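Each remark here refers to the structure printed beneath this line.
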Amino acid sequence: TRHTRRLLDYFGIDTPMTSLHDHNEKQKSQSLLARVRDENLSMALVSDAGTPLISDPGYVLVAQARAEGFKVVPVPGACALIAALSVSGIASNQFAFDGFLPHKKNARMLVLEALAKEARTVIYYESTHRIVAAVADLAELYPARRLCLARELTKRFEQIITDNALAVYEWLMADDVRQKGEFVLIVEGVADKKGDERAAVDPEVEKLLFRLLEELPPKQSAAIASDVTGVAKKELYNLAVAHKSK
């Protein structure tokens, strides 16, 4: 309400406001809709930045409003994930938005490991406190996978970089200022729907890995190839498993 009050004051609008958040949305939605119905009012749902309901409260209110027969009208506006995707240079024909990554490393790694077979572009939001850890995990798992990191979109210090995961991590670590703000993290899908990552691996590395697979199991082959080439063991293991399955 503090940010919206400043905007309303600028335009001379004195409409009463109330806050809506995760802890009060269910109860307050009922009372707000009762007022709209009983007093024949209109109500506007706004957020500090971006579009309501996109990693912000509002779903319960909108769902209840529609269930009770109220007309719900969108007012198109800024949406960070769409803004970032439009300038990322990464495929936008199929994409998924997964909100914020888990806070804890083990849970986050499980989510990111699932990207090994994801053909769609996947978009996350991330905060100042966890952006380094998130990009570091991606660089460990998929150093050659392309990422777009968009920082402080539409604000004064906006920065956008699209490069492989390792390069994006190095860019992030080169300046502490780049680690501050609100982030959109876009991860490119794999080259094909089977999850085969070979397009991202040097042919000579492939040759070594496939030769090792003739004598050793995938896990051991990937470990040796990783030690020799510096390519992430997880990436080589995924490639080894895919190759053996064919």
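The values are calculated or read from the model by the stated rules, or taken from the named source; none is laboratory data. Source: prediction; values computed, not measured. Here Cβ is always computed from backbone atoms with ideal geometry, including for glycine, and neighbour counts include all displayed protein chains. The protein model used for the area step is the full one, side chains on, heavy atoms only, and it has no ligands, DNA or RNA in it. Shrake-Rupley method; radii C 1.70, N 1.55, O 1.52, S 1.80 Å.
Some observations on this one:
- Of all residue pairs spaced 6 or more apart or on separate chains, those with beta-carbon atoms under 9 Å, a first member in the range 145-158 that is farther than 15 Å from A83 by Cβ and a second member that is among the charged types (D, E, K, R) and open to solvent by 30 Å² or more (accessible area, probe 1.4 Å) are R145/E188; R146/D163; R146/E188; L147/D163; L147/E188; F157/K180.
- Subset of the range 106-146 that is aromatic (F, W, Y) and part of a strand (DSSP E or B) - its residue that is surrounded by the fewest Cβ atoms within 10 Å (Cβ to Cβ): Y125
- Subset of the range 60-99 (residues that are closer than 30 Å to I160 by Cα, open to solvent by 50 Å² or more (accessible area, probe 1.4 Å) and part of a helix (DSSP H, G or I)): I82, S86, V87
- Test: residue in the range 10-22 that is open to solvent by 90 Å² or more (accessible area, probe 1.4 Å) and at pLDDT 95 or above: yes
- Residue in the range 5-16 that is closer than 30 Å to A119 by Cα and among the aromatic types (F, W, Y) present: no
- Among the numbered conditions (1) in a helix (DSSP H, G or I); (2) among the aliphatic types (A, V, I, L, M); (3) open to solvent by less than 50 Å² (accessible area, probe 1.4 Å), the only one that V177 does not meet is (3).
- Between K234, K207, the distinction of being open to solvent by 20 Å² or more (accessible area, probe 1.4 Å), in contact (Cβ under 8 Å) with a residue 60 or more places away in the chain and assigned to a helix (DSSP H, G or I) belongs to K234 only.
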